[in-house]
Amino acid sequence: MNDDRKFEAFLREFEPRSPRPLPQAKTLSRSWPRLAAAAALILAVGGVSLWIGRHHIQTNQRDGQPPALSVTGAAANQQQPISTISLTRAALEGSPDFDRELDDMSRRSLPRFDRKDSMLRVLAKE
Amino acid sequence: MPEQKLSANDVKQLYDRHGAALLLFARGFAADVSAAEDLVHGVFLNLLRTRPNVREAPAAYLYRAVKNAALNAQRNHSREAPLPDHEAWFTHRGGDRESALALQSALAELPAEQREAVVMRIWSGMTLEEVAEATGVPPNTAASRYRYALGKLREILKPHAKLEG
């Protein structure tokens, strides 16, 4: 028994090689405050940009200045976002509305040239 | 043993306490030290992510988890040829590299179940009851495996151990 103890002590003089430090676990519980902060920051920046944009337009209108040239239909798109969900659903169902929705979407997203203040018309004049 | 949920700090302490012995244990299954390390890391990262309720001694749970992960990896990579493992398993406190290599070779010669018992008992400090729990055998079987292993190691390492006198 005593010999066993001595031999065990002898074995303990040998230390097994240690593994590399454990990589940082990207746990949800640790990362959610950062995600929440990032989301809040994006919302705040977006909100401020929107407010400044509206404020600028209102100020211009009050001062009697013409509204800025509409370069593309992008401004319209912001107010009327493309509904990819309904488009996909219509395509999957083979609905006859699909072509109509696609046409509408093109009209909204492509540059317009039939308005007086459209950039294409202005450029064409030049 | 009551069920317990391990905190992140518990997991870190378990890694510090048993990481080296678990790596030694995993080398009995893995092709090389990197593969063994991946097994051990995988088990601990999974512990950190899922924080399961552990019903047994944490060390016993860890050894079983590493063994299961090793067996799964062997099944998934059974066609891959193992690379020779040239990394030393041990360092000796007194710098006796010859004895360290002799111990490595003696351990490698032991049957897997005897090697497991020695690694758990000597380098993880587990009781024989915990060894039995980890290996799923009765305590008497775990004890006899340990005694056999110790006897064989003593025989092989006699020239290095200098226990007499």
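The values are calculated or read from the model by the stated rules, or taken from the named source; none is laboratory data. Since we're looking at a predicted model, the values are computed, not measured. A quick note on method: Cβ atoms are made from the backbone with ideal geometry, for glycine too, and the neighbour counts reach across all protein chains shown.
Pairs, please: C-beta under 6 Å, at least 6 apart or cross-chain, first residue in the same structural domain as B:A102 (by TED's automatic domain parsing) and in the range B:129-156, second hydroxyl-bearing (S, T, Y) and assigned to a helix (DSSP H, G or I)? The qualifying pairs are B:A134/B:Y63. Taking the range B:126-163 as the range and being facing another protein chain (nearest Cβ under 9 Å) and surrounded by fewer than 23 Cβ atoms within 10 Å (Cβ to Cβ) as the test, the residues that pass are B:R147, B:L150, B:R154, B:L157, B:H160, B:A161, B:K162, B:L163.
Would you be able to say whether some residue in the range B:80-89 is within 9 Å of chain A (Cβ to nearest Cβ), hydrophobic (A, V, I, L, M, F, W, C) and in a loop (DSSP other than H, G, I, E, B)? Among the residues of the range B:80-89, at least one is within 9 Å of chain A (Cβ to nearest Cβ), hydrophobic (A, V, I, L, M, F, W, C) and in a loop (DSSP other than H, G, I, E, B), which makes the answer yes. The test for being modelled with pLDDT under 95 and of a type in the set (A, V, I, L, M) does not hold for B:A149. Tell me, yes or no, whether the range B:13-27 has at least one residue that is in contact (Cβ under 8 Å) with a residue 60 or more places away in the chain, charged (D, E, K, R) and farther than 17 Å from B:E130 by Cβ. Within the range B:13-27, one or more residues are in contact (Cβ under 8 Å) with a residue 60 or more places away in the chain, charged (D, E, K, R) and farther than 17 Å from B:E130 by Cβ. Taken together, the criteria exclude A:D104 from residues that are outside any loop (DSSP other than H, G, I, E, B), over 26 Å from the mean Cα position of the chain (by Cα) and modelled with pLDDT of 75 or more. Against the conditions (1) outside any helix (DSSP H, G or I); (2) touching a residue at least 24 places away in the same chain (Cβ under 8 Å), B:L48 satisfies every one except (1).
Looking only at the range B:107-125, count every residue that is surrounded by fewer than 20 Cβ atoms within 10 Å (Cβ to Cβ) and among the aliphatic types (A, V, I, L, M) and tell me the total.
Of the residues in that region, 2 qualify.
Residue count for the range B:115-138, restricted to those that are closer than 20 Å to A:F7 by Cα, outside any loop (DSSP other than H, G, I, E, B) and under 11 Å from the mean Cα position of the chain (by Cα): 10. Restricting the range B:90-112 to residues that are outside any loop (DSSP other than H, G, I, E, B), of a type outside the set (A, V, I, L, M) and farther than 15 Å from B:A21 by Cα, the residue that is farthest from the other protein chains (Cβ to nearest Cβ) is B:E109. Using the structure shown, decide if B:E56 is more than 8 Å from every other protein chain (Cβ to nearest Cβ) and at pLDDT below 90. So B:E56 passes the test. Of the residues making up the range B:1-46, those that are touching a strand residue (DSSP E or B) at 6+ places or on another chain (Cβ under 7 Å) and within 11 Å of another protein chain (Cβ to nearest Cβ) are B:A20, B:A21, B:L23, B:L24.
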